[in-house]
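Below you'll find the structure, written out as structure tokens, and then a few comments.
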Amino acid sequence: MGEPTQPRQRILSGMRPTGRLHLGNLVGALWNWRMLQDTYDCFFMIADYHALMSDYEKPAGIAPSAREVLIDFISCGLDPERSVIFRQSDVPEHAELHLILSCYTPISWLERNPTYKEQLQQLTAKDIRNYAFLGYPVLQASDIVIYKANLVPVGEDQLPHLELTREVVRRFNALVGREVLVEPQAKLTASPRLLGTDRRKMSKSYGNQIDVADDPDTIRKKVMSMITDPLRIRRGDPGHPEDCNVCQYFKIFCPADQETVTDKCRHAKWGCTDCKKYLAEILIAFLAEPRDKRAELEAHPERLKEILADGAGKAQAVARATLEEVKGLTGLGQMFND
Ligand code: TRP
Ligand code: SF4
């Protein structure tokens with residue numbers, strides 16, 4: 001007989017479907033999510049309502065992107081047998097709770113949100129001065145609290161949203177007089193920083209990303225275009241691997257090779273072209289497994305449908321229970337005692 005098992009803590013996280021996932025998503029989120037499955041009950045969501053909030057003018061890409069993200073999730077090791085993997089809009093309870101929680105959210109809390117202010121300035125290509133986008137974090141709060149998640153693995157840019165979630169939870173619980181909603185904690189994980197091929201943050205909007213699903217030739221082309229140590233101009237110049245993005249990739253994707261690479265670079269035993277050719281082959285080998293899994297899933301769309309339906313069912317069962325509880329406390333519950 002083992003120890004009595006404690007109920008596992010619950011995790012929820014999500015990504016907006018904006019296209020295929022790149023190595024930055026892999027290193028910054030998916031590796032971590034994959035590991036968390038061993039210790040927690042995990043819910044992983046494709047946040048398509050959130051995508052619509054900013055992409056409503058051109059929504060045709062959302063559903064295909066959601067499909068790509070689903071495939072990337074699974075081919076990178078999220079396990080539909082152990083975790084609930086679902087699409088937000090398949091569980092409309094999120095939207096209903098969003099409306100209820102929006103009653104408990106002062107507009108001033110949303111207007112002072114630093115992420116919102118930053119996006120208004122930066123996302124100039126899209127008109128995000130709509131009502132929904134202001135309430136983006138309220139939907140995010142609903143995503144989290146509808147599963148009574150204890151922990152939310154997110155990057156630092158999402159911390160204001162987590163803080164708002166906590167504030168809404170406290171306000172709601174105080175006003176209904178019961179600790180019905182759970183105050184979640186952000187789970188920050190130190191992950192290595194992976195820059196794009198041009199040394200800026202890896203992002204589709206810069207076009208400097210390497211996708212998890214890129215084919216070998218595309219990977220070779222992208223790796224060969226990577227900017228290296230700017231001080232190493234001639235083949236004979238000693239390099240500075242610590243200042244080279246290529247070396248950082250070795251550190252992350254093939255730590256066993258890092259010493260050799262560093263040595264060859266410092267002592268000009270090979271040129272940057274040799275080094276990058278070698279890195280390309282490492283990445284190609286590294287991404288072989290996700291590539292194979294993706295091919296398999298693409299050949300069996302019925303399997304994808306099944307995973308999505310199963311995830312939606314499991315998520316909805318939990319979401320519905322919380323929503324009923326909340327409605328009962330807000331005057332929206334049953335009218336008759338039958
Ligand atoms: N806002 C998150 C992002 O841009 C995506 C997201 C939506 C999310 N709902 C969530 C993340 C709930 C964590 C928990 O990446
Ligand atoms: Fe970078 Fe490799 Fe060139 Fe050194 S040899 S500067 S690590 S690409």
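In the stretch 64-91, what residues are in contact (Cβ under 8 Å) with a residue 40 or more places away in the chain and surrounded by fewer than 17 Cβ atoms within 10 Å (Cβ to Cβ)?
GLY77, ASP79, ARG82 - these are the residues of the stretch 64-91 that are in contact (Cβ under 8 Å) with a residue 40 or more places away in the chain and surrounded by fewer than 17 Cβ atoms within 10 Å (Cβ to Cβ).
Restricted to the stretch 219-229, and to residues that are part of a loop (DSSP other than H, G, I, E, B) and closer than 18 Å to VAL261 by Cβ, which residue is most open to solvent (accessible area, probe 1.4 Å)?
Going through the qualifying residues, I end up with ILE227.
Which ones in the stretch 304-338 are assigned to a loop (DSSP other than H, G, I, E, B) and open to solvent by less than 80 Å² (accessible area, probe 1.4 Å)?
THR330, GLY331, GLY333
In the stretch 230-275, which residues are part of a loop (DSSP other than H, G, I, E, B) and open to solvent by 40 Å² or more (accessible area, probe 1.4 Å)?
Listed by number, the residues that qualify are PRO230, LEU231, ILE233, ARG234, ARG235, GLY236, PRO238, HIS240, HIS267, LYS269.
Tell me which residues, restricted to the stretch 233-265, are within 7 Å of ligand 2 (Cβ to nearest atom) and basic (Lys, Arg).
LYS264
Go over the candidates ILE219, ILE233 one by one and state the one that is among the β-branched types (Val, Ile, Thr) and either within 26 Å of PRO153 (Cβ to Cβ) or at pLDDT 95 or above (or both).
After ruling out the rest, the residue left standing is ILE219.
Among (1) more than 12 Å from ligand 1 (Cβ to nearest atom); (2) out of contact with any Lys or Arg (no Cβ under 6 Å at 6 or more places or on another chain); (3) open to solvent by 10 Å² or more (accessible area, probe 1.4 Å); (4) closer than 18 Å to GLY311 by Cα, where does TYR49 come up short?
(1)
Among the listed residues LEU181, LEU188, LEU175, which satisfies the condition of being touching a residue at least 12 places away in the same chain (Cβ under 8 Å), of a type outside the set (Val, Ile, Thr), open to solvent by less than 70 Å² (accessible area, probe 1.4 Å) and farther than 25 Å from ILE71 by Cβ?
LEU181
For the stretch 270-280, does any single residue satisfy the condition of being among the aliphatic types (A, V, I, L, M), within 26 Å of the chain's Cα centre (by Cα) and within 22 Å of GLY28 (Cα to Cα)?
yes
Any residue that is over 23 Å from ARG20 (Cα atoms), within 16 Å of ligand 1 (Cβ to nearest atom), within 24 Å of the chain's Cα centre (by Cα) and not acidic (Asp, Glu) - is there at least one of those in the stretch 170-182?
Yes: the stretch 170-182 contains one or more residues that are over 23 Å from ARG20 (Cα atoms), within 16 Å of ligand 1 (Cβ to nearest atom), within 24 Å of the chain's Cα centre (by Cα) and not acidic (Asp, Glu).
So if I check each of MET35, MET45, which one is aliphatic (A, V, I, L, M) and assigned to a helix (DSSP H, G or I)?
MET35
Which one of GLN209, GLN185 is modelled with pLDDT of 95 or more and assigned by TED's automatic domain parsing to the domain that holds GLN316?
GLN185
If I go through the stretch 133-154 residue by residue, how many of them are within 18 Å of GLN88 (Cβ to Cβ) and not in a loop (DSSP other than H, G, I, E, B)?
Of the residues in that region, 13 qualify.
The values are calculated or read from the model by the stated rules, or taken from the named source; none is laboratory data. From a predicted model like this one, the values you see are computed outputs, not experimental measurements. Ideal geometry is used to build each Cβ from the backbone, glycine not excepted, and the neighbour counts take in all protein chains shown. Protein only, heavy atoms only, side chains kept; ligands, DNA and RNA dropped before computing areas. Shrake-Rupley method; radii C 1.70, N 1.55, O 1.52, S 1.80 Å.
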